[in-house]
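Throughout, read-outs are computed from the coordinates displayed, never taken from laboratory work. On a predicted model such as this, the values are computed, not experimentally measured, just so you know. Backbone-built Cβ (ideal geometry, glycine too); neighbour counts: all protein chains shown.
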Amino acid sequence: MTQAEIIVLANSVKHGQHCVAGKCTNTGSWIRPVSNANGAELSHEQAKYQNPYGTFGVRPLQKIRMGFSQHVPLSHQPENYLIDGNLWRQNYSIGEAELAAHLDTPDDLWGHDNRVQHSLITMGLYNIDQSLYLIQVDNLNLYTNGDGKRRASFDYNGSSYDLAVTDPRFDDIVREQRELNGILCISLGEEYQGYCYKLVATIF
C-alpha cells in the first residue's frame, strides 16, 4: 500500500464519471488514480475527499492525499495507479499563479495530429513516456462544433491543435466568458476504434 499527495490538475468527464490526475508533490511525477487495472474511470464516490468541513468532490488545484494498492501502467497510460478504496484527504490547495512551476515542456503533443494509432503504441513502434502534460498555449479558442462537441483550438510550440474537451466546466467558462491564462492539462485518452485521442482535460 502506497500513499502520495498530488496536486490535482484534472477531474474530467469519462463515461459520465471521473478521470482524475495530478502531479505528486514529492516527485513532480504524474499520477492517474484508476479503479481497476484496465485504467477505468472513478465513480462519484471514489473521486471524493474529506477535510475538516466534510466530504466533497475533488477539484483541480487541491492537494489531495491518496492511497494506492499498486502501479498498473498501460502502454498508452504509464501513470496509472490503482486506488486502495480509502477516502482521500485534502491538504490545502495551490493558486493558479503557482501553476507555472508545474508546467511540462514537451516538443509536441505525441505528434501533431489529434490522435495516436493504438497499435503503434502496443507494438512498441511509438513509445509513450507520459500520457499527461500541463502546458502553456497560445491563441486558445473554445467552441462547440456543428455536432455539439466541445472543442479547443490552440497553438503550442509552433504547431496548431484542435482537440476535444472533457473539462466539465467548459460550458460555464464559455458562458461566463472567464479570463483564462492559457494553461491546459492534456491527456492521451483510452483506446477508441483503434486510436488514442488527445483530450483537453482541464482549462486554466
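Dipole of the chain computed with +1 at Lys/Arg Cβ and -1 at Asp/Glu Cβ about the Cα centre; of G189, Y92, S29, farthest Cα towards the positive end is Y92.
Please report the net charge: other residues with Cβ closer than 12 Å to the Cβ of N91, K and R +1, D and E -1. The partial results should precede the final answer.
Values: positive: K63, R65, R89; negative: E5.
Result for the neighbourhood of N91: +2.
The distance between label points at S43 and S93 comes to 2.7 nm (points 7 Å beyond Cα on the Cα→Cβ vector).
Placing +1 on each Lys and Arg Cβ and -1 on each Asp and Glu Cβ, with no other charges, gives the chain a dipole about its Cα centre of roughly 560 debye. Label-to-label distance, D171 versus Q70, with points set 7 angstrom from Cα along the beta-carbon direction: 4.0 nm.
Only beta bridges with both residues in the chain are counted; by DSSP, about 90 percent of them are antiparallel.
Pairs spanning more than 24 Å between alpha-carbon atoms, out of K48/K149; K63/K149; K48/K198; K14/K149: K48/K149; K63/K149; K48/K198. Between amide H atoms placed 1.01 Å from N, distances below 5 Å from N91 occur with K63, I64, R65, all of them 5 or more places distant or on a separate chain.
Between A21, A40, A101, the residue with the greatest mean-square fluctuation in the GNM of the chain (Cα pairs under 10 Å linked by springs) is A101. Amide H contacts of D84 (H built 1.01 Å from N, in plane; Pro and chain starts excluded): G67, F68, S69 sit under 5 Å, all sequence-distant by 5 or more or on other chains. Amide H contacts for S131 (H built 1.01 Å from N in the peptide plane; partners 5 or more residues away or on another chain; cut-off under 5 Å): E79. Between G39, G189, G95, the Gaussian network model of the chain with springs among Cα atoms under 10 angstrom shows the greatest mean-square fluctuation at G95. 3J(HN,Hα) couplings calculated from phi for the range 54-60 with the Karplus curve 6.51 cos²θ - 1.76 cosθ + 1.60 (θ = phi - 60°) are, in sequence order, x, 10, 9, x, 5, 9, x Hz; Gly and Pro show x.
I'd like the distance separating the alpha-carbon centroids of the range 62-110 and the range 17-57, in whole Å. With the range 62-110 and the range 17-57 each reduced to a Cα centre, they are spaced 8 Å.
Once you have the Kirkwood Rh of the chain from its Cα pairs, apply Stokes-Einstein at 10 °C and 1.306 mPa s and quote D in µm²/s.
Details: Rh = 17.3 Å.
For these conditions, the coefficient is 92 µm²/s.
Each other residue within a Cβ distance under 11 Å of T25 adds +1 if Lys or Arg and -1 if Asp or Glu, for a net charge of +2.
For the chain, the longest piece that avoids every one of the trypsin sites (Lys or Arg not before Pro) found in DSSP loops with at most 16 other C-beta atoms within 10 Å covers 1-148.
For the range 84-204, give me the percentage of DSSP beta bridges that are antiparallel, rounded to the nearest 5 percent.
Details: 26 of 28 bridges.
Among the beta bridges of the range 84-204, antiparallel pairing accounts for roughly 95 percent.
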